[in-house]
1. Among A:Val170, B:Val19, what is the fewest-to-most ranking by other Cβ atoms within 10 Å?
2. Return the calculated 222 nm mean residue ellipticity for chain B, to the nearest 500 deg cm²/dmol, obtained by summing -39500 (n - 2.57) across DSSP H runs with n ≥ 4 and dividing by the residue count.
3. Hey, can you rank A:299-307, B:63-71 by average C-beta count inside 10 Å, highest first?
4. With chain B treated as a Gaussian network of Cα nodes joined by springs under 10 Å, which of B:Val46, B:Val141, B:Val213 yields the largest mean-square fluctuation?
5. Got a sec to turn the phi values of region B:78-93 into Karplus ³J(HN,Hα) couplings, 6.51 cos²θ - 1.76 cosθ + 1.60 with θ = phi - 60°, whole Hz, x for Gly and Pro?
6. Could you identify which residue out of B:Ala251, B:Ala59, B:Ala217 has the top mean-square fluctuation in a GNM of chain B using Cα springs shorter than 10 Å?
7. Highest mean first, what order results for B:287-297, A:213-223 on Cβ atoms within 10 Å?
8. Where is the GNM fluctuation largest for chain B (alpha-carbon springs, 10 angstrom cutoff): B:Leu299, B:Leu14, B:Leu92?
Amino acid sequence: MTTSTPGVPTPGTASPAHRDDDEPAAARKLSRLEKRAIATKGRLSSPWASLVAIVLAILWTIPSIGLLVTSFRPELDIRRSGWWTVIPGIFSGDAEFTFDNYDQALYGSGANLSEVFVNTIVITLPAVLIPITVALLAAYGFAWIEFPGRNLLFVAVFALQVVPIQVALVPLLSDYVQANGFFNAVFGVGISGTFWTVWLSHSIFALPLATFLLHNFMKDVPRSLVEAARVDGAGHVKIFFRVLFPLLVPAIAAFGIFQFLWVWNDLLVGLTFTDPAYRPLTVAVAEMAGSRGGDWHILTAGAFISMIVPLVVFLLLQRYFVRGMLAGAVKG
Amino acid sequence: MTWLLAPDTTGEKLAAMVVAVLLFVVVMGVILYAVDRPKRIPSWVVAVGFVGPVLAMIAYGLLRPGLITLWDSFFHRNTTEFVGLDNYVRMLTDGAFQKVLVVTAAWVILAPLLSTVIGLVYAVLVDRTRFERLAKTLVFVPMAISMVGASIIWGFVYEFRPDQPGVSQIGLLNQVLVWLGIPPQQFLIGQPWNTGFLILVMIWIQTGFAMTVLSAAIKAIPDDITEAARLDGLHGLGMFRYITVPSIRPALVVVLTTIAMTTLKAFDIVRTMTGGQFGTQIVANEFYTQAFRQNNQGLAAAFAVVLFILVIPIVAYNVRQMRKSEEIR
């Protein structure tokens, strides 16, 4: 082996079958950083690799750009020509853009997405806050309170992650409809189809993953920290809020973004549990795609309206999202 | 109090939301206060306070409905007449449903494989380049877009206009065909390729996920290993084949299985783009159709159970691989 850098052990498992002992002598004198620089440079200057990467990046971006550009074009133009035909116009200043499509999608009598937008916000915020809070408490319980059957119950919660929510939809819906009798008697209106059942359903469906993820993060907190607080006479509630909660803020942010995107982008739960008056954006836009499939001026604007908030949240908080995803993917 | 359950205006909706959150905070506060009284209480009472809400909610909203669905799957459409395994038999023998299973299989095999391969290649190509951050964000962004939104984006790419003089294509893909001198196609109608074009949307969404996880795994490969391999004369493809891929094997398994499960359960793309017509129906959408359109509760339950059964081997494989890699460690 021609390992020249001192202190670098050669892992036997990773050594490839063939060797090349004629490594140029000059390479051995280079420091690690310089080698890294050469390797990086070598990769960049490989034209094929760069070409493939650029082509992939363009392929992945163009469809969204097409949607965005189209949503700002006048209706007639959209029908007559492809969105790419505006590209020369952008440089010459001839391209015509308008907010009419957004106006129609948001306030037009057919679409009226401005109201639907409120629905999505009203659905999303509690459906993020509630499961995180409940799961945090449970994660603490599973991690730091001794009680009989703890491991068994935790494994059960973990295992229920894999249950597809389709399995639970119909029984839950019939429950909610049955509860209407009671709520009609007390409040004068039924509960099925309202925000309340959607909040409850979203919260339940999020709990297994949330509990599991937050438990993993909570377990990483050093035991000595919790023990020290306990010796000082702090109860569980105090330990939870004073010691653990501040340490878990990044983990909570990570799962929060995860759940936010999930609920905002969800179609199945919204479709199943909401009345038309309370339906979220995804349901409204999917419906538009079905009933007005050819009206691309409304559809593109509507789709973009439904995407803008998650896009902004995602781009601003990408770091946390990636962390949550890696924790979920690698540990789960 | 009616507005709390059935708000009419935007203000009432927002108020109902605030009330719901406050109500929840109060309930949780009461529970915590009750288990945190200074007097000695057995630890299991404290445990119930912390763990109880999750267990109760999961038992009520996941476990119990799951068992009901399993039970219902042995019944006729109105869930009164016991029919044994008839729903499952019908699923496996009826030609239309057999096709649904085949199409679903195509989704579950192709979407994870292609997303992972493309994501891996891309992660390796942009690794440690100057534009890594931007390049990754571009491919990652579709993860933030709902599948409904993605369906509209791609529906527009696939848009078809009849091939007549004076009519120009407005869908990009058909315009590319026209530029190449090929007549435009109805991508979402022609079987069996339409399923492929739907799967492409899922690949577009999931590649970012694969790329991000795999890129993190690649960066975690110890420098010593890559350096030793480089000194041993490994470059480019050899490095990729003998060092990168074996080193990130556990991450590859996780990515493949995660995407497979997402793909299996997702019905949004099919529902939005074709509604399951033209031979594109999949199990997740067939469940929705049977449950809420055809009102065949027995068959819908059976489809939901099948969805669950199909997830199990994927999870089992995932867990086994994790055990194995932990043993090695």
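1. Numbers: A:Val170 23, B:Val19 14.
In order of increasing Cβ crowding within 10 Å: B:Val19, A:Val170.
2. On the way: 16 runs with 225 residues, N = 329.
Helix-only estimate at 222 nm: -22000 deg cm²/dmol.
3. Details: A:299-307: 27.0, B:63-71: 17.8.
So the order, starting with the most tightly packed, is A:299-307, B:63-71.
4. Most flexible of the set in this elastic network: B:Val46.
5. Coupling constants for region B:78-93: 9, 6, 10, 9, 6, 10, x, 8, 3, 4, 5, 4, 4, 4, 8, 10 Hz.
6. Of B:Ala251, B:Ala59, B:Ala217, the most mobile in the Gaussian network model is B:Ala59.
7. Working: B:287-297: 18.7, A:213-223: 17.2.
Descending packing order for the listed peptides: B:287-297, A:213-223.
8. B:Leu14
Read-outs throughout are calculated quantities, based only on the coordinates presented, and are distinct from any laboratory measurement. A quick note: this is a predicted structure, and the numbers were derived from the prediction, not measured. Note that each Cβ is placed from the backbone with ideal geometry, even for glycine, and that neighbours are counted across all protein chains shown.
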